[in-house]
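Heads up: the structure comes next, in structure tokens.
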Amino acid sequence: MATLTPSTRPDGLESELRKSLGEGSVIDDPEVLAARADDWSGWPSGTPRLLVTPSDTGGVARCLSICNAHRVAVVVQGGRTGLAGGAAARTGEVMLALDKLAGVEDIDTIGGTMTVRAGTTLEAAQAAARGRGMELEIDLGARGSCQIGGVIATNAGGIRVIGTGMTRAHVLGLEVVLADGTVLDDMNTMIKNNSGFDLKQLFIGSEGTLGVVTRAVLRLSPERPGVVTALAALATTGDATTALATARSALGSSLSAFEAMWSDYVTFMSERGGYSRPFDAVPPLSVIIEARGRDESVERSKLEALLADGLEAGWLTDATIAASTDQARRIWAMRDEGPAEYGRLFQAIVPFDVSIPIRSMIGTADRIVGDIRAGWPEAVPLTYGHIGDANLHLVVGFTAPIPDDAKLAISTLVYEAVGAVGGAVSAEHGIGQLKKPWLPLSRTPAAIELMRCMKSTFDPANILNPGRVI
Ligand SMILES: Cc1cc2nc3c(=O)[nH]c(=O)nc-3n(C[C@H](O)[C@H](O)[C@H](O)COP(=O)(O)OP(=O)(O)OC[C@H]3O[C@@H](n4cnc5c(N)ncnc54)[C@H](O)[C@@H]3O)c2cc1C
């Protein structure tokens, strides 16, 4: 694939964009550009050329068509909460931001669908659904900032995947603008539609490399207001699999979250982050178990029975069930707020979001953490994750800057251990720029070659998010 230089025909680009999109939608103020160049991953950004903020699909199409004609690279930006450096701008790129393309267009309570623009925050879309007695079953800690377009582009997971699946499971239709400005209208609203290839699937999870999502049709379900949250202290980390299997069979389709926090994470969040310690002694593994259904009292009694069984069987040593929404929020805060604390408390982090087959999960995680402690005694490994989905988050924090070769050595250690047990180098955050070198540990050469072929078919000039994923 051709490597794109910052611009082969720089002259006239800016004036064409201004003429086509309007002065207010094309920004060249260096301070604004610098403030928007990075994303949450902390991946080093370059010096972008311009910021373009179209307010409709036509504007996105005109922007891409002009950039494509000028062979100028474009980085697509949603809420910039991505953790793989996909939205971090490189030098010379035009930043295409979807912020103005926001709002819910329609909610169909009979068909169970929402038509929404890509720049809408996840939280706004959730609230709009709830306002009509419906539920959008996608949820993640970054809900207040991440946008529907970014969530779809990364096929985001989050805290409800165990019950309702990844973002892909909630997308019925998409409108996408291709690199040359062609608008692909695939705004299907039906659950069943086998009329030819299901093209939308190519864009979900392709991290903005194949097209820009501008609108979507999402599935909604009737609201399930009966939510009960428990925090369980497991006797050993190895009891996680018993606890998960028991929770699955006791709660069935009500099981909406099963989130684990190792003792290193809970100790860090309580001692350094100031979060109140849930139990007197920090258990080897703390698990948030959430049951969700129509009737809270039904869910509560199912959860109480599960915890009573666990105490009797011995895999559980202690547990608390939130008595109010406020208490539930406090339980979740410890799990959700970790990423916000790292920037405040560490000088350097090496973060991981890996999948490990559940049978090997605990042993592999404990082994990796042991090896990190042995190799880097000053490191603070923090282990937690959506273990009900076999998804482990590991953050290796340092209170002083560390050299790049140490980051590389830690990454090699973790990714090789994950690859050796048939895991995936990215469970949900994507590959972006951060994990590109490690993709071959999870995908075969034939699969990577097919991805390259798709990229050059959809974007022959390689202007869309170049240098990301492949
Ligand atoms: C506190 C916190 C918690 C998080 N929790 C989770 C979690 O539980 N599960 C999870 O999966 N992720 C999680 N994330 C990561 C992140 O929030 C998600 O990946 C989110 O989906 C990114 O959305 P965004 O709008 O911020 O996208 P951005 O960061 O702006 O972009 C992400 C990628 O998508 C592309 N993109 C953005 N918008 C579009 C579009 N309209 N069309 C095409 N491509 C586009 C970008 O170019 C980039 O490659 C978390 C992040 C934070 C900061």
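The values are calculated or read from the model by the stated rules, or taken from the named source; none is laboratory data. Keep in mind it's a predicted model, so treat the numbers as computed, not measured. Every residue, glycine among them, receives a Cβ derived from its backbone with ideal geometry; neighbour counts consider all protein chains shown. For the accessible areas, the whole protein counts, side chains as well, though only heavy atoms, and no ligand, DNA or RNA atoms are used. Shrake-Rupley method; radii C 1.70, N 1.55, O 1.52, S 1.80 Å.
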Discussion item. Filter the stretch 65-80 down to the residues that are surrounded by fewer than 24 Cβ atoms within 10 Å (Cβ to Cβ) and closer than 15 Å to residue 35 by Cα and list them by number.
Written reply: 80
Worksheet item: Just wondering, is there one or more residues in the stretch 185-195 that are without any contact (Cβ under 8 Å) to a residue 60 or more places away in the chain and under 21 Å from the mean Cα position of the chain (by Cα)?
Response: no
Worksheet item: Can you tell me which of 294, 277, 248 is within 25 Å of the chain's Cα centre (by Cα) and either open to solvent by 20 Å² or more (accessible area, probe 1.4 Å) or in the same structural domain as residue 353 (by TED's automatic domain parsing) (or both)?
Response: 248
Worksheet, complete the sentence: Within the stretch 21-31, residues surrounded by 13 or more Cβ atoms within 10 Å (Cβ to Cβ) and either modelled with pLDDT under 95 or part of a helix (DSSP H, G or I) (or both) come out as 21, 25
Worksheet item: What number of residues within the stretch 163-217 satisfy the criterion of being touching a Gly at 6+ places or on another chain (Cβ under 8 Å), of a type in the set (Ser, Thr, Tyr) and open to solvent by 50 Å² or more (accessible area, probe 1.4 Å)?
Response: 1
Worksheet entry | Residue list for the stretch 153-188, filter: within 9 Å of the ligand (Cβ to nearest atom) and in contact with a helix residue (DSSP H, G or I) (Cβ under 6 Å, 6 or more places away or on another chain) | 155, 156, 161, 167, 176, 177
Discussion item. Looking only at residues that are free of Cβ contacts under 8 Å to residues at least 60 places away in the same chain and within 12 Å of the ligand (Cβ to nearest atom) in the stretch 38-54, which one is surrounded by the most Cβ atoms within 10 Å (Cβ to Cβ)?
Written reply: 54
Discussion item. Could you check the stretch 130-152 and list, in sequence order, the residues that are part of a helix (DSSP H, G or I) and either within 13 Å of the ligand (Cβ to nearest atom) or of a type in the set (Val, Ile, Thr) (or both)?
Written reply: 148, 149, 150, 151, 152
